[in-house]
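J.: Submitted below is the structure of interest, expressed as structure tokens.
Read-outs: derived from the displayed coordinates by stated rules, not from any lab. In this text, all values refer to a predicted model and were calculated from it rather than measured experimentally. For neighbour counting, all protein chains shown are included, and Cβ atoms are generated from backbone atoms with ideal geometry for every residue, glycine included.
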Amino acid sequence: MSDVPIAPGLIEGTAAHPALQSRRLEWVTTVDHKRIGLMYLFATLIFFVVGGLEALLMRLQLAWPGNTFLSPDAYNQVFTMHGTTMIFLVVVPLLLGLANYFTPLMIGARDMALPRLNAFSFWVFVFGGILLYLSFLSGHAPDAGWFSYTPLSGKAFSTRSGVDYWALSLLGIGAGTIATAINLIVTIVNLRTNGMTFRRLPLFVWMVFVNSFLIIAALPALNASLAMLLIDRQLNAHFFNELGGGDPVLWQHYFWSFGHPEVYIMVLPAFGIISEVVPVFSRKPIFGYGFVAASTVAIALLSLGVWAHHMFVVGLGHPWDYTFGASSLLIAVPTGVKIFNWIATMWGGSIRLTTSMLFALAFLFSFTIGGLTGVTFAAFPLDWQTTDSYYVVAHMHYVLFGGTLFAVMAGIYYWFPKMSGRMLSESWGRLHFWLMFVGFHLTFFVQHILGLDGMPRRVYTYPDRPGWAVMNMISTIGAFVLGLSVVVLLANIAGSLRSGPIAGDNPWNAWTLEWATTSPPPEHNFDLVPPVRGRRPLWDLAHPERSQV
Amino acid sequence: MHLSVFDPASPEAAWLLWLWKASMWICVFIMAVVTVALAYILARFRRRDGGEPDQRTGNKRLEIAWTAVPLVLVAVLFALSIVTARAVDRPVRRAPDIVATGHQWWWEFRYPSANIVTANEMHIPVGREILLEVDTADVIHDFWAPRLTRKIDAVPGRQNFIWLRADHADAYFGACAEYCGTQHAWMLFRVVAQDADSYASWLAQQFAPAEEPVTTEAKQGRMLFVQLTCANCHNISGINSQQQFAPDLTHVASRQMLAGERLQNTPANLKDWLRDPNAIKPGSYMPDLKLSETDLSQMTAFLETLQ
Ligand SMILES: [Cu+2]
Ligand SMILES: [Cu+2]
């Protein structure tokens, strides 16, 4: 299966064309999965900085009650852009970028199955992101929130073009994301090297594989609803207008039937990263490989049937609440047991506390909190108190920041040597880690309490009720510590790229195939793919006598 | 400090707190297991040199056990949720006592049987079970008085109902919880729970038509109210009866706060509000009517008579 060729002349052809010889054009025209992966990481880093600055603007405005730093109109644009940026322009493409870079390497393939489609997806994402930000030039960015509920996002209440930019750019990005998912599936099914059966697939690849199906199932729902919203707005249709026979709640059903799977789209690849990092730095294989893989499939299936837990306060009635409460409680189980698998992997191991491993541990701790507060929403009467309050803001950042982003940080420290050929500085890494860990909990923990005391989310200011000023100030200070941690990360990357120690092929003594080639890998990835006889090919090579299946 | 959700003042909110406590025990238990395990691992299994650790790949029994236990826990939580849901959301078989309607960015409270309407300040009698209908005049809003009951959305084309019963007299904080545009932040309200007597006199006072002003300044203000466009949006019984585009002002002076809790209801604040509503609540649908200082004094004097 490993030798499905790339269309002849595809890569060579572009390289040979004299007009395309310049180094910069090479990046623009590349169809190499590694370069595309790096460009994803670079683009998402920029969007991450922008989205982070938007977050700091919000925290400045909320630092004390009655602050007038941002007008309500400006604040509403900023929070909408922050949410949209972080979800659609940072977390999802960041994970796609890592999947792009490492999936072919981990299965011993030469490239993605459809390299040109791959480049298409990336550029659609970049231009989609630019289109979203062009809305500022039109005078007004979208301001209906990242889930743009109708009728607020309809023409009657959002008269300016911000929402149109929002919908159009997400439509484009969504199409690109679906293409990438198809590409990843085709690659994983067809391009695995000899011996790389599905039962030996690295768990990161497993998660990416399952995740891709989830994308194909969920993203079209978003695209359909965006198209309907645009038709409502531009052609005066009435999909979401109750006076014309439509229903604003229809938007919520459509949006969340995408939006909940989206949460898992943003989390599953992160689980994959943790499932690679934790074993390597514990010097043990993953505990319960089959279990981790199977529970991922369970999550993917269940996640398609939980969307209305975002709608417990719409008043759909008890049958809905019971059904979606039950399914949401159920999905907590396959998600939660993974934590135990990772703990058991470390148990009895010989743990190396690298920066990567520190982030993996921080992930375990923070994501467990986020998962548990998630369970308190699935117990739907509690959602009747806590939803749409700051408690949700806290919960969702524990999942997406304390969860996904910490996992991605673990992945960056783990894979940077492979991508760049140089090591990231561990001492700067530790500084980055502690700033980020402390800053994160400082920012978001108090938000649970604010929510439980009645502070709604998405407010540009708040009344001076007892304790609110102090807690908001703590949160703002935490956010600036987070901002500082990102500066340290950027400095670490910049410094290490120039003068970090040379990594060598396999600095962590890891076991999966990407470590069997040079760092960075050559354009064709492998001169020779080592034989695959188990889940840890490089471990097997080092222990020919004890090869396990 | 008493956090609203932890300080219930009604049977409904007490039920929700009960469920909260039950689920917190479960969460704290799991979190403790994870934290202790992580701490133990960090203390016990740090890098050892000399040979690789045991390469164990799994243990079916253990894995089944740690799947089964959470399954049981969530099943318990589900059962408790149903019990709570049924206690809080009781069937609706009668007309509502109060109809709350969300507007961008204030709340209208209508008492159908008493035939009165007010804004941003809902009065209820202590100890009586109240059925509240929640509607909207424009976008989706959400009625949330955390110490009194669950929150519920106000959705175009739908009628939603919730129950509440205040245990003791107090003024309870409330907020619009669903993002509804520019001034979502100042769409706050209060629920004033009163004993039966003061509630009855409040009802009587609100039912009475607006008093005729006596001072000349206030009389001038009343004329201004009619001449200027105020009456296009606001209703004052005895003067006009418009659609409820804006808060009913018949008894505006009896209210504690103005503009969705943005301001204390004092003559000075009222005057500031009339001078330039958008300076105080940017984006609000009350326009700046460019009143002169004398107009402002007269208008304020008039509005202050509307007890
Ligand atoms: Cu969800
Ligand atoms: Cu509202």
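J.: So, with +1 on the Cβ of K and R and -1 on the Cβ of D and E, and no other charges, what is the size of the charge dipole of segment A:132-261 about its Cα centre, to the nearest 20 debye? Can you show the working numbers first?
T.: Working: 6 positive and 5 negative charges, 118 e Å.
Here the size comes out at about 560 debye.
J.: Let me ask you something else. As a test of the formula, what do you get for chain A when each DSSP H run with n ≥ 4 contributes -39,500 (n - 2.57) and the sum is divided by the residue count, at 222 nm and rounded to the nearest 500 deg cm²/dmol? Don't skip to the end; give the middle numbers.
T.: Working: 19 runs with 351 residues, N = 549.
The helix-only estimate for chain A comes to -21500 deg cm²/dmol at 222 nm.
J.: Still on this model: If r is the Cβ-Cβ distance from B:M223 to A:N67 and R0 is 41 Å, what FRET efficiency results, to the nearest 0.05? Intermediate values should be presented prior to the final figure.
T.: Details: r = 40 Å, r/R0 = 0.98.
FRET efficiency, B:M223 to A:N67: 0.55.
J.: Using DSSP loop states and a limit of at most 15 other Cβ atoms within 10 Å to flag chymotrypsin sites (Phe, Trp or Tyr not before Pro), what is the longest stretch of chain A containing no flagged site? Write down the numbers at each step before the final one.
T.: Details: sites that count: A:F69, A:F136, A:F198.
Free of exposed loop sites, the longest segment is A:199-549.
J.: Given 0.36 nm per residue, what is the gain on full extension from B:D7 to B:T57 after removing their alpha carbon distance, in nm? Please report the intermediate quantities before stating the final value.
T.: On the way: separation 50, 0.36 × 50 = 18.00 nm, distance 4.87 nm.
Extra length from B:D7 to B:T57 when fully extended: 13.1 nm.
J.: Give the whole-number value, in cubic angstrom per residue, of the convex hull volume spanned by the C-alpha atoms of the protein assembly as shown.
T.: Working: hull volume 138.8 nm³, N = 856.
Once divided by residue count, the hull of the protein assembly as shown is 162 Å³.
J.: Would you mind checking the pairs A:K155/B:K271; B:K151/B:K271; B:K219/B:K290; A:K155/B:K151 and listing those with alpha carbons more than 29 angstrom apart?
T.: Cα-Cα > 29 Å for A:K155/B:K271; B:K151/B:K271; rest within.
J.: Follow-up question, since we're still on this one. Calculate, axis by axis, the spread of Cα positions in segment A:34-542 along the three principal axes, and write the results as whole Å, longest axis first.
T.: Result for segment A:34-542: principal-axis Cα extents of 68, 46, 46 Å.
J.: How high is the relative contact order of segment A:386-542, in percent, with contacts defined as C-alpha pairs under 8 Å that are six or more residues apart?
T.: Working: 186 pairs, mean separation 49.9, N = 157.
Over segment A:386-542, the number comes to 32 percent.
J.: I've got another one for you. Taking a virtual spin label 7 Å from the Cα of A:M473 along the C-beta vector, which residues in segment A:42-68 bring their backbone nitrogen under 17 Å of it?
T.: Zone members listed by number: A:59-68.
J.: I would also like to ask the following. Using a simple spin-label model with points 7 Å from Cα along the Cα→Cβ vector, what separation in nm is obtained for B:A14 and B:S201?
T.: Taking the two extended label points, one gets 2.9 nm.
J.: Net charge near B:E212: determine it from the other residues with C-beta under 12 Å of the C-beta of B:E212, scoring Lys and Arg +1 and Asp and Glu -1. Mind dumping the intermediate values first?
T.: Values: positive: B:K219, B:R222; negative: B:E211.
Computed value for this residue: +1.
J.: Would you work out the relative contact order for chain B, in percent, from Cα pairs under 8 angstrom that are 6 or more residues apart?
T.: Numbers: 527 pairs, mean separation 50.1, N = 307.
Relative CO of chain B lands at 16 percent.
J.: Something else about it: What FRET efficiency would be calculated for the residue pair A:T518, B:V72, taking the C-beta separation as r and a Förster radius of 51 Å, to the nearest 0.05? Don't skip to the end; give the middle numbers.
T.: Values: r = 51 Å, r/R0 = 1.00.
Step by step, r from the Cβ atoms, then E = 0.50.
J.: May I pose another question? Report, ordered by chain and residue number, the lysines lying within cross-link reach of A:K338, taken as a straight Cα distance under 28 Å and ignoring same-chain residues fewer than 8 apart.
T.: Straight-line reach from A:K338, under 28 Å: A:K284, A:K418, B:K21, B:K60.
J.: Using a 7 Å offset from the Cα along the Cα-to-Cβ direction at both A:V297 and A:L484, what is the distance between the two label points in nm, to one decimal?
T.: Each label point lies 7 Å from its Cα, and together they span 4.8 nm.
J.: With a 10 Å Cβ neighbour count serving as the proxy for reagent exposure, in which order, fewest first, do A:R110, B:R165 appear?
T.: So the ranking, lowest neighbour count to highest, is B:R165, A:R110.
J.: How big is the dipole moment of the protein assembly as shown about its Cα centre under a simple scheme where the beta carbon of each Lys and Arg is +1, that of each Asp and Glu is -1, and everything else is neutral? Debye, nearest 20, please.
T.: Once rounded to the nearest 20, the dipole reads 2860 debye.
J.: Still on this structure: Between segment A:167-231 and segment A:90-148, how many Å separate their Cα centres?
T.: Between the Cα centres of segment A:167-231 and segment A:90-148 lies a distance of 12 Å.
J.: Then there's this: Roughly how many nanometres apart are two label points built 7 Å out from the Cα toward the Cβ at A:L134 and A:D527?
T.: Spacing of the two 7 Å Cα→Cβ label points: 4.7 nm.
J.: If you take the Cα Rg of segment A:467-549 and divide it by 2.2 N^0.38 Å, with N the number of residues, what do you get? Show your work: numbers first, answer last.
T.: Values: Rg = 21.5 Å, N = 83, 2.2 N^0.38 = 11.8 Å.
Scaled against compact globular proteins, the figure is 1.83.
J.: Taking 8 Å as the Cα distance limit and 6 or more residues as the minimum spacing, I'd like the relative contact order of chain A as a percentage. Don't skip to the end; give the middle numbers.
T.: Numbers: 882 pairs, mean separation 87.9, N = 549.
It comes to 16 percent, rounded to a whole number.
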